Each structure stands twice: as structure tokens, then as C-alpha cells.
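Student: Structure incoming, see below.
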Amino acid sequence: MADHLKPVVEALIFASPEPIALKTLYKLLDAEPKEDVDAALAAVKADYERPGGLQIVEVAGGFQITTKPELHEWVRKLFHERTTSKLSVQSLETLAVIAYRQPVTAPEIADIRGVSSSSGVLQTLIERKLVKTVGRKQVVGRPFMYGTTREFLERFGLNDIGDLPKVYELSEALGFELPPGLAEPAETTSPLPFDEASASEEVAGAAEDMPVEDPEIVH
């Protein structure tokens, strides 16, 4: 292996504002043999297995240097996480329904949650870039269908939707019961649609079509 690649790969992972995919490393280091890039990445990952405050994780289809989970409380103190940045119970319920049942429409979300509407909460999740429209359902009215985003995977430390915990495990982690109508995610190998251009167009359309009379308030 070309030893000079190891610090280069580490620097690229560290400097990337989002998880950097292996194909991106190949593209950036296109003058180097792919097997050398693979070996350099493996060497960097091995280095981060040592005791310390940082780790390399595979998330959202790429690699990222993050702080270790046991140190998150200290990191939160550094950033003085505000209460207003946290999601409400209603938002977490809606996000869980979308994650496990996507693609899903607003009426279907409301039906699973047992509420009259979820539009206000949906708008909040779209603004947080955790959820986006992924098309329209081919039924009368052609309602928008919603799915999770790459940012959702990054925020919750998932490599793909298949990494979601069981519903009961998520309920225990969140500290409250999720809607009883929520089923386990369907087995699928289809990648999530991460086309940012089309997503922006759909989100804009969804915002226009979305009523704002939802009584649920995000705290």
C-alpha cells in the first residue's frame, strides 16, 4: 500500500461536511489504484479503534469521523443544546411512522397515529430536513408520499433504513409508546431517493398544498 494515502484519506473524511462515500474517495484519488485507497481506508479505520474520543462510523452510505457515543453528553454541553431544538413527542411519532412505513401519505400517517391531521408536524420535519416528499400516490387526489432523508440517517447514526431498531426497542429508547398501528419496516433493498433537486421541487409543492390548521404544537 502507498503509505502516503493514509493521511490523505483521513483528512478527506475529516474535512467532508457530510459522510464521504467510497466512490467519492475513488474519484478524488483517481490517480491511485482502488485497492490502495481501500487499504488506506482500512488502516485509518484501524487507527480509530484505539482508545480515544473519536471514531470512524459508516453512516448514510459514507464514512464520517464522530465523537464516541459515551462522550455525547460532554459534547452537548459544549454546544449548549437548546430545548427548542428538540423534537416534540408528536414529531417523533410522525417521524417514526414515516421511517417504518415509507413511502406514506399524510392521511395514512394521521390514521396510524389516531389523530385528525399531521400536516403541521410534517411541515416541521420537512423544515428540519428529516423528511421530504418522494412522489405522489396513484389514487384519487394523488396525495404526496413522504419518506426520510439522508440527513435523517446522519442524525440518527444509521447507514440505511435496514438499521432501524425494532419498534418496541425504539419505544423504550424514546421513553413513550409509539402508535399501536405502527408496523415493522418492510424488507426492501431499494435505495431511498436522495435526489436533492427533485426533493426541493416536491417539498416546495408540498408546502403549498399543506394546510396549517394542525392543532399540534412543536415545543
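The values are calculated or read from the model by the stated rules, or taken from the named source; none is laboratory data. Every value quoted in this text rests on a predicted model; they were computed, and no experiment measured them. Glycine also receives a Cβ, built like all others from the backbone with ideal geometry; neighbour counts cover every protein chain displayed. Please note that ligands, DNA and RNA were not included when accessible areas were found on the heavy atoms of the full protein model with its side chains. Shrake-Rupley method; radii C 1.70, N 1.55, O 1.52, S 1.80 Å.
Student: Listed residues Leu122, Leu158; which is among the hydrophobic types (A, V, I, L, M, F, W, C) and in a loop (DSSP other than H, G, I, E, B)? Before the answer, list the steps.
Tutor: Values: Leu122 fails: in a loop (DSSP other than H, G, I, E, B).
When all the criteria are applied, what remains is Leu158.
Student: Now, a different point. Go through the range 1-49 and count every residue that is assigned to a loop (DSSP other than H, G, I, E, B), more than 18 Å from Val59 (Cβ to Cβ) and touching a helix residue (DSSP H, G or I) at 6+ places or on another chain (Cβ under 7 Å).
Tutor: Kept after step one, since they are assigned to a loop (DSSP other than H, G, I, E, B), are these residues of the range 1-49: 1-4, 16-19, 21, 29-33, 48-49.
Subset that is more than 18 Å from Val59 (Cβ to Cβ): 1-4, 29-33.
Restricting the remaining residues to those that are touching a helix residue (DSSP H, G or I) at 6+ places or on another chain (Cβ under 7 Å) gives 1-2, 29, 32.
Residues in the range 1-49 being assigned to a loop (DSSP other than H, G, I, E, B), more than 18 Å from Val59 (Cβ to Cβ) and touching a helix residue (DSSP H, G or I) at 6+ places or on another chain (Cβ under 7 Å): 4 in total.
Student: Among the residues of the range 93-119 satisfying the criterion of being more than 21 Å from the chain's Cα centre (by Cα) and assigned to a loop (DSSP other than H, G, I, E, B), which is nearest to Lys166 (Cα to Cα)?
Tutor: Filtering first and then ranking leaves Gly114.
Student: Now for a separate question. Can you tell me which residues in the range 148-168 are within 18 Å of Pro179 (Cβ to Cβ) and either in contact (Cβ under 8 Å) with a residue 40 or more places away in the chain or of a type in the set (Phe, Trp, Tyr) (or both)? Please lay out each step first, then the result.
Tutor: Taking the range 148-168 first, the residues within 18 Å of Pro179 (Cβ to Cβ) are 148, 164-168.
Matches in the range 148-168: Thr148, Leu164, Val167, Tyr168.
Student: Only one residue in Lys129, Lys166 is of a type outside the set (Ser, Thr, Tyr) and on the phi < 0 side of the Ramachandran plot. Which one? So that I can check it myself, show each step before the final result.
Tutor: On the way: Lys129 fails: on the phi < 0 side of the Ramachandran plot.
The conditions single out Lys166.
Student: Of everything in the range 137-155 that's in a loop (DSSP other than H, G, I, E, B) and open to solvent by 30 Å² or more (accessible area, probe 1.4 Å), which residue is farthest from Ser116 (Cα to Cα)? Step through it out loud before you land on a result.
Tutor: Initial filter on the range 137-155 (in a loop (DSSP other than H, G, I, E, B)): 137-143, 149.
Next, from what is left, pick out any that are open to solvent by 30 Å² or more (accessible area, probe 1.4 Å): 137-143.
Numbers: Lys137: 20, Gln138: 22, Val139: 20, Val140: 19, Gly141: 18, Arg142: 19, Pro143: 16 Å.
In this case the residue turns out to be Gln138.
Student: Here is a list of conditions, (1) surrounded by fewer than 13 Cβ atoms within 10 Å (Cβ to Cβ); (2) under 19 Å from His4 (Cα atoms), and Thr24 meets all of them except one; can you say which number that is?
Tutor: Tallying (1) surrounded by fewer than 13 Cβ atoms within 10 Å (Cβ to Cβ); (2) under 19 Å from His4 (Cα atoms), Thr24 fails exactly one: (1).
Student: Tell me which residues, restricted to the range 107-122, are open to solvent by less than 50 Å² (accessible area, probe 1.4 Å) and either modelled with pLDDT of 85 or more or in contact with a helix residue (DSSP H, G or I) (Cβ under 7 Å, 6 or more places away or on another chain) (or both).
Tutor: Answer for the range 107-122, where residues must be open to solvent by less than 50 Å² (accessible area, probe 1.4 Å) and either modelled with pLDDT of 85 or more or in contact with a helix residue (DSSP H, G or I) (Cβ under 7 Å, 6 or more places away or on another chain) (or both): Ile109, Ala110, Ile112, Arg113, Ser117, Ser118, Ser119, Val121, Leu122.
Student: Conditions: (1) under 22 Å from Asp111 (Cβ atoms); (2) open to solvent by less than 60 Å² (accessible area, probe 1.4 Å); (3) touching a strand residue (DSSP E or B) at 6+ places or on another chain (Cβ under 9 Å); (4) modelled with pLDDT under 75. Gly181 meets all but one. Number of the miss?
Tutor: Here Gly181 meets the rest and fails (3).
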